[in-house]
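The values are calculated or read from the model by the stated rules, or taken from the named source; none is laboratory data. Note that the structure is a prediction, hence the values are computed from the model and not measured. Counting neighbours? That spans all protein chains shown, and the Cβs are built from the backbone with ideal geometry, glycine included.
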Amino acid sequence: MNEKKISIIIPTCNREHILEETVAKALDAIREKSAEIIVVNDGDKPTILPDIFSGKIKILENNKGGVSRARNLGAAQAAGQVLFFVDDDMWINKEIIDWIETNLTDNKEEDAVYNVNWEYPPELNNELKESKIGRFLLSNGYNTMWGRMKQKAVKPISGLYLFDTIGSCSFIISKQTFEKIGGYKDSITFQGEDIELSIRLNHLKIPIYCLFDITLFHNHRDRIDINNYLNRIRDGYNSQFMAERKGLLPRSGYSYQKNKLELSIYNMLSAPEVCSMWLLKILPNNKIFDPVSNSIIGLLSGIIKFKQWKNAFAV
């Protein structure tokens with residue numbers, strides 16, 4: 001195994017159309033650097049990439065074992081001192097590789113881990129303005145890491161921001177620290193794995209920083225369709241709530257059982273989910289109607305989350 005300083009680990013699942021551009025940008029970012037790219041296929045068919053990538057990346061098979069196991073598999077095969085986990089739609093750049101080399105490789109100081117700031121590419125942000133679901137994402141700040149973190153303050157321009165949760169879509173950790181904490185919990189197959197790992201990092205008092213000196217582009221192009229957006233919520237909360245039921249995660253501080261009124265409302269609203277989708281579809285795609293369409297999308301998101309919670313805890 002050739003000695004490397006940085007291992008970029010990319011789990012993927014049947015998204016070659018997105019993965020190809022991600023890998024191309026990653027290869028450009030590590031040119032003449034001591035780094036490697038490991039793609040871990042978690043899909044139900046082989047990952048097929050252009051021949052131009054042959055010999056330049058390592059592809060591992062995870063056989064639908066889930067994203068946590070995929071990341072652990074990549075880490076186990078990694079030669080680098082530093083592990084850089086990114087989603088298969090995250091575009092890395094030379095600046096972040098330079099930053100890792102300067103600040104983290106051969107660094108013997110105390111443990112710390114890092115989320116790298118991200119936002120949607122400018123051209124994707126422009127596309128979002130043209131659709132109902134796109135304007136919903138923009139209005140909630142979901143096109144940026146800061147918005148996803150649900151922070152109300154002004155986003156930092158640069159530097160490090162101490163936080164309490166990791167985001168594996170752009171996550172940096174030394175291999176030594178990763179092995180010390182035992183990696184991801186294999187049995188959490190999708191959403192919830194970051195919460196569980198963050199709990200252990202916090203327990204060990206390992207700082208979690210968000211890095212704002214550099215910004216990556218998150219190419220969520222195939223996830224801005226309303227059906228894809230809602231399916232992502234469905235799959236995510238199904239994974240998280242099932243993990244909570246199995247005791248792999250602590251029960252969410254918020255519970256519908258504690259709020260009988262909201263429980264009754266969501267039980268009542270669960271049936272007309274199809275009607276809400278129909279209303280959203282016929283609503284004119286005009287900014288004038290955004291308050292209505294945003295409310296409908298928010299309602300649909302809440303109903304889907306509630307259904308997964310109900311399914312997990314058999315209310």
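Criterion first (surrounded by fewer than 16 Cβ atoms within 10 Å (Cβ to Cβ) and either over 30 Å from VAL292 (Cβ atoms) or modelled with pLDDT of 95 or more (or both)) does LYS108 satisfy it?
Spelling it out, LYS108 is indeed surrounded by fewer than 16 Cβ atoms within 10 Å (Cβ to Cβ) and either over 30 Å from VAL292 (Cβ atoms) or modelled with pLDDT of 95 or more (or both).
Let me confirm something: among SER264, SER301, which residue is touching a helix residue (DSSP H, G or I) at 6+ places or on another chain (Cβ under 9 Å) and at pLDDT below 95?
SER301
Return the residues of segment 14-28 that are small (Gly, Ala, Ser) and either outside any helix (DSSP H, G or I) or surrounded by fewer than 21 Cβ atoms within 10 Å (Cβ to Cβ) (or both); say none if nothing qualifies.
Within segment 14-28, just ALA24 meets the criteria.
Would you check which residues across segment 195-245 are buried (at least 16 other Cβ atoms within 10 Å of the Cβ), assigned by TED's automatic domain parsing to the domain that holds LEU19 and among the acidic types (Asp, Glu) and list them?
GLU196
Test ILE173 against the stated conditions and say whether it is in the same structural domain as VAL82 (by TED's automatic domain parsing) and either in contact (Cβ under 8 Å) with a residue 12 or more places away in the chain or part of a helix (DSSP H, G or I) (or both).
Yes; evaluated as a whole, the condition is true for this residue.
Could you grab me the full set of residues in segment 275-315 that are of a type in the set (Val, Ile, Thr) and in a helix (DSSP H, G or I)?
ILE282, ILE288, VAL292, ILE296, ILE297, ILE303, ILE304
Against the condition hydroxyl-bearing (Ser, Thr, Tyr) and buried (at least 17 other Cβ atoms within 10 Å of the Cβ), how does SER34 come out, does it pass?
no
So, restricting to helices (runs of 4 or more DSSP H) that lie completely within segment 60-166, which ones have at least 1 residues that are free of Cβ contacts under 8 Å to residues at least 24 places away in the same chain, out of contact with any helix residue (DSSP H, G or I) (no Cβ under 8 Å at 6 or more places or on another chain) and closer than 25 Å to ARG15 by Cβ?
Passing ranges, in order: 67-77, 122-128, 145-148.
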